[in-house]
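The values are calculated or read from the model by the stated rules, or taken from the named source; none is laboratory data. Model, not experiment: these values are computed from the prediction. Here Cβ is always computed from backbone atoms with ideal geometry, including for glycine, and neighbour counts include all displayed protein chains. In case anyone asks, the SASA skips ligands and DNA or RNA and just uses the protein heavy atoms, side chains included. Shrake-Rupley method; radii C 1.70, N 1.55, O 1.52, S 1.80 Å.
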Amino acid sequence: MTIFKILLVLIALWSLPWKVYAVWLACKHDHRKWFLVLLLLNTVSILELIYVFYVLKKSWAEIKQDCKDGWVLFKQEFKRHKEEIL
């Protein structure tokens with residue numbers, strides 16, 4: 001794998017979680033314009049970071065708690081759907 005491909009993978013791994021988190025927060029806070037801008041523009045997470053840290057003024061502790069809460073909800077929903085299928 002060339003250095004360019006490795007760099008692209010690293011950028012994608014960095015950008016995707018921030019994009020998902022910022023778009024989810026924009027939707028949750030009913031920020032329709034931010035939702036569209038964040039969803040449509042690919043800024044290597046610069047715009048997402050601005051939204052999360054400067055518009056919403058989230059702290060690292062809040063971000064960690066949101067991620068923890070989201071993971072718990074995801075596991076609960078996965079378990080519920082798994083039980084429905086079986």
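Residue-wise, which Karplus ³J(HN,Hα) couplings in Hz belong to the stretch 45-50, taking 6.51 cos²θ - 1.76 cosθ + 1.60, θ = phi - 60°, and x for glycine or proline?
6, 4, 5, 4, 5, 4
Solvent-accessible area per residue for the chain at a 1.4 Å probe radius, Å²?
Per residue, the chain has 82 Å² of solvent-accessible surface.
If you roll a 1.4 angstrom probe over the protein chains with everything in place, what fraction of the accessible area of the stretch 25-86 belongs to carbon and sulfur, to the nearest %?
Carbon and sulfur together cover 66 percent of it.
Spelling out what I want: for every residue of the stretch 52-59, take phi, set θ = phi - 60°, compute 6.51 cos²θ - 1.76 cosθ + 1.60 (Karplus), and round to whole Hz; glycine and proline get x.
5, 8, 9, 7, 8, 6, 7, 9
I need the trypsin sites (Lys or Arg not before Pro) found in the stretch 30-86, filtered to DSSP loop residues with at most 10 other beta carbons within 10 Å of theirs.
Lys57
Test of understanding: in a Gaussian network model of the chain with alpha carbons linked when under 10 Å, which of Trp18, Trp71, Trp34 would top the mean-square fluctuation ranking?
Trp71
From the backbone phi of the stretch 21-31, what are the Karplus-calculated ³J(HN,Hα) couplings (6.51 cos²θ - 1.76 cosθ + 1.60, θ = phi - 60°) in whole Hz, Gly and Pro given as x?
4, 5, 5, 4, 5, 4, 5, 4, 8, 6, 8
May I ask you to give the average projected area over all directions of the convex hull of the Cα atoms of the stretch 15-86, in nm² rounded to one decimal?
5.5 nm²
Could you give the dipole magnitude of the stretch 32-79 about its Cα centre, charging the beta-carbon of Lys and Arg +1 and that of Asp and Glu -1, in debye to the nearest 20?
60 debye
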